[in-house]
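S.K.: Once you've had a glance at the structure underneath, I'll fire off some questions.
The values are calculated or read from the model by the stated rules, or taken from the named source; none is laboratory data. Only a predicted model underlies this, so the values are computations on that prediction, with no experimental measurement involved. Virtual Cβ from ideal backbone geometry, glycine too; neighbours counted across all protein chains shown. Surface accessibility is based on the protein's heavy atoms, side chains included, excluding ligands, DNA and RNA. Shrake-Rupley method; radii C 1.70, N 1.55, O 1.52, S 1.80 Å.
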Amino acid sequence: MRPPMLILHLLLLVSLSLCAHGEQMSCRPQNCTLECIRRGDPRCEYCRISADDVQISPSIPSSSPFGSCVPWPCHSFLGEETPEVCKHYVHAPRNIQIEFKANEEPTYDAITVSWNPSLYGIAFLRGFQVTLQALGGSQVLCQLFLLGTNLSLTPAHAQRVYHSDPFTHLSLDSEYVVTVMALPVPEKWDQFYQRKLFFTRTCPEKNGLEACKKDWYPRYVEVHQENQEVYVTFNLAPENFKVIQYFSSCFGGGLRNYTSIKPDLSVNKTHHTYRLQNLRAGTNYTCEIAADVVDAVRKTFIVVIKHSSEEPLTSHFTESSSLMVLLSVGILLAATAVLAFIVVYKNRLKKKTVQTKMRPEIIEHYYDKKLDEGQCVLLDRTTRPPRLLICYSSNDGPAHVKVVLQLAVFLQKHMATQVHLDLWEALSIMEEGSMGWHCRRLNKCDFVLVICSQGILQNQSEDEEPLENTALAIVSMIGEELCQAKALGRDLSKYMVATFEYLQESDIPVALSLASRYTLTKDLPLLFSHLHGVALQKPGVYLQVENISESGYCKLPAGAALQLAIQEATAQFSEEPTEEEHVGIPIIS
């Protein structure tokens, strides 16, 4: 009987080591239940756990921003049989990699995530949780994987590569963040997770240019001027798209010119520089560039031809050397005459006691004058965009929260602003707490925008916990900062308040009365001017900012989404609110 028993033990040992040595030390999820893991079945080594297998602990609030993706308490999936397992600390995973998977949906992408466990605390590792969130969105996808209770990991197992299940139905050309957490999660959350930002593939990268001609366009365009010559550098299409020719057209001063571009790929396969011809100095041009294929998307950019301060002089000195000498003498005599004139003029100014000033009504007249030709604003890409914290109350319902979310997306995407919103940093809020997170952002951000609504004015009820009443605390802190800055004569421009069309000015707390006020979306240009310190009007000039006016913002996809969200919120707020609708916990973000 010994040989058969020996063979059986060897087979069992081989089955336990398949995960470590098979597929180049790759571990892929198995179909097994939580009960199988608790029993220590050797067949349940690295298992995917569904939501039906784990019950949410009552201590986890159902209104958490993570929803069902809250890091699970250790006792909820390992039970109370081995409580000592949940007392140990495990470091965050490392080497997170994204692998794109083939799928049949041409408009969506699919990925799998892989990682290595940390060497530190690996003996107490019991599983992983993987979350995926789209930046600018509130939906979070999560997957839970557990290791068998009888599995004993050593530092040598830190070379294993663990894989997630596929994440499907991801929007093309979108930015996502994936977070891999090591389980069990310790009491003090610190260094137990690792993040990675990535972009899904574009339509041409996934399906080829022939199937996505309307999607690719040059994303990098840089314009620079040398004397009177204007050069444009742009990124070329990937080599596998087989685009050999591009075109550019510019319109300005009532004229349009067309430039055909055929890059030399043997010189540079990623970027190309070409020269714009037949442009007039002092004229603003609106230019477009695209691949020379049918229905290609065009990239629009602005070109301002400046007057050159350096006039070419060498062309005027082609005469004989005697002419050079005479011209030099003439210049010397003219300089002497100019100096004499300046001396006489200064002496006369000393005797003059009356100073002329431009009347204020003349300045006001020109500030109100709108010229046909606006001034173009060029924001320096090398400078850091202003950091903006958006605070709001979620007590007014999901429609109001959706408006705030779409506003944050529009500000970050089209107004060159780095927005901080709690819906995008839920994991950091869970680490620091809502109040701690807001206090840190209040100190670090350049500007703070408070969206005022009825919910932000509600008082704290008797049965409400102090930590849950973050709204009044934040409003009080900002009000105190404004009063101190006013008393000390400091700048008050850091703090702003805003209301939407469906709200009222009476919703603005009295503590914030010193802050700048805006009504959105009517005051989007004023908000742009505030954030970037750009004057909208100067004597004789009216600044026109494309696509952020009250009537133009909805032409952009993000603007259209914001307009739709405002319409839905307007329909909700137009209904007469009942007494029960005013009962809730104001949560500021």
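S.K.: Using a 1.4 angstrom probe and counting only protein chains, how large is the accessible area of Glu288 in Å², to 10?
M.R.: Surface open to solvent at Glu288 totals about 50 Å².
S.K.: To the nearest 0.05, what FRET efficiency results for Asn103 and Ala560 with a Förster distance of 35 Å applied to their C-beta separation? Walk me through the numbers before you get to the answer.
M.R.: Working: r = 28 Å, r/R0 = 0.80.
Approximately 0.80, to the nearest 0.05.
S.K.: How high is the FRET efficiency between Ser476 and Asp292 when r is their beta carbon distance and R₀ equals 51 Å, given to the nearest 0.05?
M.R.: About 0.25, to the nearest 0.05.
S.K.: Let me ask something additional. Which value in nm describes the separation of the simple spin-label points at Asp264 and Tyr120, placed 7 Å from the Cα toward the beta carbon?
M.R.: Here the modelled spin labels are 5.4 nm apart.
S.K.: Also, quick follow-up: By its C-alpha gyration tensor, with a ≥ b ≥ c as the square roots of the eigenvalues, how is the stretch 254-299 shaped: rounded for a/c under 1.5, else prolate for a/b larger than b/c, else oblate?
M.R.: It comes out oblate by the Cα gyration axes.
S.K.: Could you put Lys196, Lys262, Lys242, Lys269 in order of accessible surface area, largest first, with the 1.4 Å probe and the full protein assembly present?
M.R.: Ranked from most to least accessible, the order is Lys242, Lys262, Lys269, Lys196.
S.K.: For the peptides 526-536, 559-569, what is the packing order when you average, over each peptide's residues, the other Cβ atoms within 10 Å and list the highest mean first? Don't skip to the end; give the middle numbers.
M.R.: On the way: 526-536: 16.3, 559-569: 18.8.
Highest to lowest by the protection proxy: 559-569, 526-536.
S.K.: Let me ask something else about it. For Tyr258, what accessible area in Å² do you get when you roll a 1.4 Å probe over the heavy atoms of the protein chains, rounding to the nearest 10?
M.R.: 140 Å²
S.K.: Ranked by accessible surface with a 1.4 Å probe, highest first, in what order do Tyr89, Tyr285, Tyr120 come?
M.R.: Tyr120, Tyr89, Tyr285
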